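Step one of this worksheet: look at the structure below.
None of the figures in this text is laboratory data; all of them are computed from the coordinates on show. Small disclaimer: the values here were computed from a predicted structure and weren't measured. Positions of Cβ are generated from backbone atoms using ideal geometry, with glycine treated the same way; all protein chains shown enter the neighbour counts.
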């Protein structure tokens, strides 16, 4: 976690004279400051240059202004930049200068982007945008009609609207998605990216109404499929601050792709239980299980339902995201409290890149009876996926098994994910998934699918 209490050296220029000061983060675009002689300056004092030191580097951030505030730990107030608004957290914690106005540097190319869009797609997107805003206005008007009612009455009224007009609206969305699928059939990868970008810009205000679509598009942790997105999909509930928001959230989380994600949880629990039933585990000889890109590890709730199972298994939860590991730790804590039994768990914060470049990985990470990764391979190119699978196979004990999940090209939610959610995956056929493991020595390979047929599972056994 970043320490917002860490002070740094800085200085300002006023009439070509340099004034040293101590500063620390007050907000993303302001600094608490303490001058050596606070009486020299007053509220509104302006400076021609602010320079801060981060490590052995200095960053010139441009003109700034002092805003006096009540004395806090001896600080005179805040310095606020007045021309170039740098992200001060990025400067002080990551050594990177990122300006608030940087996005405008690409304005001309963004505006010209529409020139590459087919007219039929523009017509579709324009009509869709109009229709969605009409629906939004109607639902928002209904919300206003009963806003003054007591909370329990508001809930009853809203639930009725969701179940009636709301389901009709979802039917409308289904029809528009089917129309979009036909319209973009045969598009190249470049055309899918161009037209998806264009559509999302037109319906951006609609996207921001949906908690899950907001998150998949903004990617606050830098990638799609983070643990909070998984929580939303597993919950499969109405979320949002209005009726329209709830509908725009619920529609994507009940799509076939989301259902396939939920199917993975039960598949993993059944697979581990089936293996466990064939191999007796004990506290001295536990089953060692590695979850790769574990996310929140919600499947542990399905799997660990008795104290005896706690004593039979040891889990290593591997993820690059510290927040995901923290959420997984909460799940483990819930399981332990519900069973009044400790679960043997190790948390491993590493990246796939680190794993690929680590020699003799098994000496560092150990070896496992079972290894599984449900969502990672959807994001890996074929060469990287093959390399990762090879590394995981090195960690597998003889007689052990690996299971890897991957979406099939028949994924009927693909258009929705590509064009609305900006959630692009590498889809693979059964043959392509099998090919990833074709060079593994002494490996037994098979592929199965979930009930929807769009979620594949590659199973690898080491003889």
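Taking a ≥ b ≥ c as the square roots of the eigenvalues of the alpha carbon gyration tensor, region 70-202 is oblate, as a/c is not under 1.5 and a/b does not beat b/c.
Length gain on complete extension for the stretch residue 424 to residue 354, per 0.36 nm per residue less the alpha carbon to alpha carbon distance?
Values: separation 70, 0.36 × 70 = 25.20 nm, distance 2.36 nm.
Difference between extended and current length: 22.8 nm.
Fewest-first ordering of 402, 117, 98, 233 by other beta carbons within 10 Å of each residue's beta carbon gives 98, 117, 233, 402. Residue exposure proxy: 368, 323, ordered by other Cβ atoms within 10 angstrom of their Cβ from fewest to most, comes out as 323, 368.
For region 262-462, DSSP calls about 45 percent of its internal beta bridges antiparallel. Note on the chain: helix-only mean residue ellipticity at 222 nm, from DSSP H runs of 4+ residues weighted -39500 (n - 2.57) and normalised by residue number, equals -13500 deg cm²/dmol.
Taking max minus min of the alpha-carbon positions on each principal axis, region 197-355 gives extents of 59, 34, 26 Å, largest first. Shape annotation for region 8-105: C-alpha extents along the principal axes are 39, 25, 24 Å, from largest to smallest.
The label point for residue 188 and the one for residue 223, both projected 7 Å from the Cα toward the Cβ, are 2.9 nm apart. The modelled label-to-label distance for the pair residue 149/residue 438, using points 7 Å beyond Cα in the direction of Cβ, is 6.2 nm.
Between residue 329 and residue 8, what length comes free when the chain is fully extended (0.36 nm per residue of separation minus the Cα-Cα distance, one decimal in nm)?
Going from the current span to full extension adds 112.2 nm.
For the chain, the longest principal axis of the C-alpha atoms and the axis of helix 165-184 are separated by about 80°. A Förster radius of 51 Å, combined with the Cβ-Cβ distance separating residue 266 from residue 201, puts the computed FRET efficiency at roughly 0.85.
Normalised by residue number, the volume inside the convex hull of the Cα atoms of the chain is 215 Å³ per residue. With one equal scatterer per alpha carbon and no solvent term, the Debye-computed log10 I(q)/I(0) for region 315-463 at 0.08, 0.12, 0.16 1/Å reads -0.26, -0.59, -1.00.
Within the chain, DSSP assigns beta bridges of which about 70% are antiparallel (rounded to the nearest 5).
Our estimate of slack between residue 37 and residue 362, defined as 0.36 nm per intervening residue step minus the Cα-Cα distance, is 111.1 nm.
Taking a ≥ b ≥ c as the square roots of the eigenvalues of the alpha-carbon gyration tensor, region 169-249 is classed oblate because a/c is 1.5 or more while a/b is no larger than b/c.
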